[in-house]
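J.: The structure follows.
The values are calculated or read from the model by the stated rules, or taken from the named source; none is laboratory data. Source: prediction; values computed, not measured. Note: ideal-geometry Cβ built from the backbone for every residue, glycine included; neighbour counts use all protein chains shown. Note: areas computed on protein heavy atoms with side chains; ligands, DNA, RNA excluded. Shrake-Rupley method; radii C 1.70, N 1.55, O 1.52, S 1.80 Å.
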Amino acid sequence: MFRDDFILRHIRLFVQAIAKALGLIKEGDLGFALETVRVSFSDLLGMSLDDFLAYPDDRVKDFLYFGELGPMGLNRTAFAAGMLAIAGRIHAAQDRPELSHACFEKALRVLLETVLGDEEEIELPEFAPPIDEILEAVPVQSLNDDL
């Protein structure tokens, strides 16, 4: 019961943070939207957005899941990917293609590691950004560089 309440509370916080950032983008306040993403990311995940972007890809899943493959890990993953995608959109709108690319690529890696990194079929929360939308934002060449 307590665990379910904890998870639901965090889902609400995740969704509220995403909605607030998207609302600010819609209003055209990109600077405050990016600050909202940064603060929410740090407050809800315990790591700054910049540190997360630099965090080794092979350790991201462990950080997001805290060793638990349950709903909380999936929610943290969806939130991280969602905030990274929003930051990528903001950086693109501010004509910062390198930062935009870094955010979208990390979001894609986080989602793919979660979806493809387990033998069981994983269903991401509804607030997770769609993988196909993120793929459109990541240049194909950068994905080929890793192959």
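J.: If you put +1 on each Lys and Arg Cβ and -1 on each Asp and Glu Cβ, how big is the dipole of the stretch 1-125 around its Cα centre, in Debye rounded to 20? Mind showing how you got there, number by number?
T.: Values: 13 positive and 21 negative charges, 98 e Å.
In debye, rounded to 20, the stretch 1-125 gives about 480.
J.: Oh, and also: Where in the stretch 62-116 are there GluC sites (Glu not before Pro) that are in a DSSP coil and have at most 16 other Cβ atoms within 10 angstrom of their Cβ?
T.: Numbers: sites: E68, E98, E105, E113; in loops: E68.
Sites meeting the loop and neighbour criteria: E68.
J.: I'd like the carbon and sulfur percentage of the solvent accessible area for the chain, probe radius 1.4 Å, heavy atoms only, ligands and nucleic acids excluded. Let's see the in-between values first.
T.: Details: 4510 of 8390 Å².
After summing per-atom areas, the C and S share lands at 54 percent.
J.: Here's something else I'd like to know. When all protein chains stay in place, what accessible area (Å², nearest 10, 1.4 Å probe) is found for D95?
T.: 130 Å²
J.: OK, next. So what is the accessible area of the chain per residue, in Å², with the probe set to 1.4 Å? Each step should come with its number before you reach the end.
T.: Details: 8390 Å² over 147 residues.
On a per-residue basis, the chain sits at 57 Å².
J.: Just going by the charge dipole of the chain, with Lys and Arg at +1 and Asp and Glu at -1 on Cβ, which of F32, G88, S100 is farthest out on the positive end?
T.: F32
J.: Where does the chain land at 222 nm, in deg cm²/dmol rounded to the nearest 500, when only DSSP H runs of n ≥ 4 count, each adding -39500 (n - 2.57), divided by all residues?
T.: Working: 8 runs with 113 residues, N = 147.
-25000 deg cm²/dmol, from helical runs alone.
J.: Given a cut-off of under 8 Å on Cα pairs at least six residues apart, what relative contact order in percent is computed for the stretch 1-109?
T.: Details: 91 pairs, mean separation 26.6, N = 109.
Here the relative contact order equals 24 percent.
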